[in-house]
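Asker: Here you go, one structure.
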């Protein structure tokens, strides 16, 4: 990040604003909400600024040119003039005396910038692009404004009133966090506040009692999708922000991992082909162990937990151990990767069915009844099949399938680094080698591959 975001307590602190026009007015109006002592120096003042000062005892107007000595008592300075040389001078003086300074619309002269602010009383959100994309910031602010209901201010106020009570009830930081997560997600409380009703002590005490009785944690089995973080489900993102521990696989991208709660413990479970950092039985054991400690555990898997993700094995263990869990489906690689490659898995003219296969070899061979797999107008999708590609092609050709059956191999599907190689059973191996395709890769076999030339939209 170019700038570090920070919120300042400026109540009753001396603030200097240089300038008396509309820009200065906007800054003074905004600053005034935080109740500082504001001194405005300018040769003239707009009518609205004069009116604002008249109705606010903490705003002082000094009608004259700026003097170097004006900065002496200031904790923070805003330069809001149309005089470039004066703005430069104020910036230089402030920096020399280690005073925070903002020069409006001149980020290169600023030691701090003021983001676009969304305010719900005590709830304040600031968005900044370090002055590089103000229009984008405005658009984001509008989106967030539309998302935030007005009653959020009441929710914050109620939380503030409960804060000391909750600190006394729960000495553990974890227990406090669990309470507050429960509080802010409680639909009954939200409905009450939305209707301007008071939240009863009974409701609060019920939540407190529930947290106090909780001895065993919970496990979330979450599908992270095919790679692109924008393809995460909303539920997945919510649970990723709640976990104490995250156990993640190799197929989870670094971009997605960044969205996991920052202070959560992160454990890499490996699961590269023939190279498991942690065996599946040990992973199952870790889920149980952390849950027994009362922790919220995120089991983060690439794609979907129930499609070649061993999610079924893991929840069998959790059920035996009587541990609460949730399963959040993800966009599986077959769906996500094929879509981004411009290859529909089904099409009324080419394929009426689709079959998902794993490319993992058993004793050097793919263990399938190949005669039953070969169905006319069917698409085959092979997960983790790059290393088994020669074996796969050999078995298909042995079933007297045409060597010209279309094939696509997709590396890093849905990501900006996505590579797609198309060919047929006869030439796809050579094409894959020439393109230097690496895992993770998905293989699609069938007539639908022909459609990529027409439907390719991503690359």
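Asker: Quick check, is residue 118 surrounded by 14 or more Cβ atoms within 10 Å (Cβ to Cβ), assigned to a strand (DSSP E or B) and either touching a helix residue (DSSP H, G or I) at 6+ places or on another chain (Cβ under 7 Å) or touching a residue at least 12 places away in the same chain (Cβ under 8 Å) (or both)?
Answerer: So residue 118 fits the description; yes.
Asker: Would you confirm, using the coordinates I've provided, whether residue 136 is within 30 Å of the chain's Cα centre (by Cα) and either part of a helix (DSSP H, G or I) or at pLDDT 90 or above (or both)?
Answerer: yes
Asker: Could you tell me whether any residue of the stretch 65-88 is on the phi > 0 side of the Ramachandran plot and either touching a residue at least 60 places away in the same chain (Cβ under 8 Å) or crowded, with 16+ Cβ neighbours inside 10 Å (or both)?
Answerer: Within the stretch 65-88 (the criterion being on the phi > 0 side of the Ramachandran plot and either touching a residue at least 60 places away in the same chain (Cβ under 8 Å) or crowded, with 16+ Cβ neighbours inside 10 Å (or both)), the answer is no, since none of the residues qualifies.
Asker: May I pose another question? I'm checking my understanding of the structure. Among residues of the stretch 397-419 that are surrounded by 17 or more Cβ atoms within 10 Å (Cβ to Cβ) and closer than 29 Å to residue 372 by Cβ, which one is nearest to the chain's Cα centre (by Cα)?
Answerer: Across the stretch 397-419, the extreme among qualifying residues is 413.
Asker: Where residues in the stretch 424-438 are in a loop (DSSP other than H, G, I, E, B) and crowded, with 16+ Cβ neighbours inside 10 Å, which of them is farthest from the chain's Cα centre (by Cα)?
Answerer: Per the stated criteria, the residue is 425.
Asker: Applying the selection to the stretch 358-396, what residues are assigned to a strand (DSSP E or B) and buried (at least 20 other Cβ atoms within 10 Å of the Cβ)?
Answerer: Result: 379, 380, 381, 382, 383.
Asker: Follow-up question, since we're still on this one. Report, by residue number, each residue of the stretch 146-164 that is part of a helix (DSSP H, G or I) and surrounded by 13 or more Cβ atoms within 10 Å (Cβ to Cβ).
Answerer: 152, 153, 154, 155, 156, 157, 158, 159, 162
Asker: Failed condition for residue 393, given (1) free of Cβ contacts under 8 Å to residues at least 12 places away in the same chain; (2) over 33 Å from the mean Cα position of the chain (by Cα), with all others met?
Answerer: (1)
Asker: Considering the stretch 182-195 alone, what residues qualify as being in contact (Cβ under 8 Å) with a residue 12 or more places away in the chain and either in a loop (DSSP other than H, G, I, E, B) or surrounded by 18 or more Cβ atoms within 10 Å (Cβ to Cβ) (or both)?
Answerer: Passing the criteria: 183, 186, 189, 190, 193.
This table checks each residue for (1) touching a residue at least 40 places away in the same chain (Cβ under 8 Å); (2) surrounded by fewer than 23 Cβ atoms within 10 Å (Cβ to Cβ); (3) in a strand (DSSP E or B); (4) touching a strand residue (DSSP E or B) at 6+ places or on another chain (Cβ under 9 Å).
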{"position": "299", "(1), (2), (3), (4)": "yes, no, yes, yes"}
{"position": "317", "(1), (2), (3), (4)": "no, yes, no, no"}
{"position": "330", "(1), (2), (3), (4)": "yes, no, no, yes"}
{"position": "338", "(1), (2), (3), (4)": "yes, no, no, yes"}
{"position": "344", "(1), (2), (3), (4)": "yes, yes, no, yes"}
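Asker: Here's something else I'd like to know. So, residue 446, is that one more than 19 Å from residue 225 (Cβ to Cβ), touching a residue at least 40 places away in the same chain (Cβ under 8 Å) and either in the same structural domain as residue 341 (by TED's automatic domain parsing) or buried (at least 21 other Cβ atoms within 10 Å of the Cβ) (or both) or not?
Answerer: yes
Asker: Across the stretch 8-25, what is the total count of residues that are under 37 Å from the mean Cα position of the chain (by Cα), free of Cβ contacts under 8 Å to residues at least 40 places away in the same chain and not in a loop (DSSP other than H, G, I, E, B)?
Answerer: Of the residues in that region, 1 qualify.
Asker: Is at least one residue of the stretch 22-41 surrounded by 13 or more Cβ atoms within 10 Å (Cβ to Cβ), in contact with a helix residue (DSSP H, G or I) (Cβ under 9 Å, 6 or more places away or on another chain) and on the phi > 0 side of the Ramachandran plot?
Answerer: No, because not a single residue in the stretch 22-41 is surrounded by 13 or more Cβ atoms within 10 Å (Cβ to Cβ), in contact with a helix residue (DSSP H, G or I) (Cβ under 9 Å, 6 or more places away or on another chain) and on the phi > 0 side of the Ramachandran plot.
The values are calculated or read from the model by the stated rules, or taken from the named source; none is laboratory data. None of these values were measured; they are calculated from a predicted model. Cβ atoms come from the backbone with ideal geometry, glycine included; neighbour counts cover every protein chain shown.
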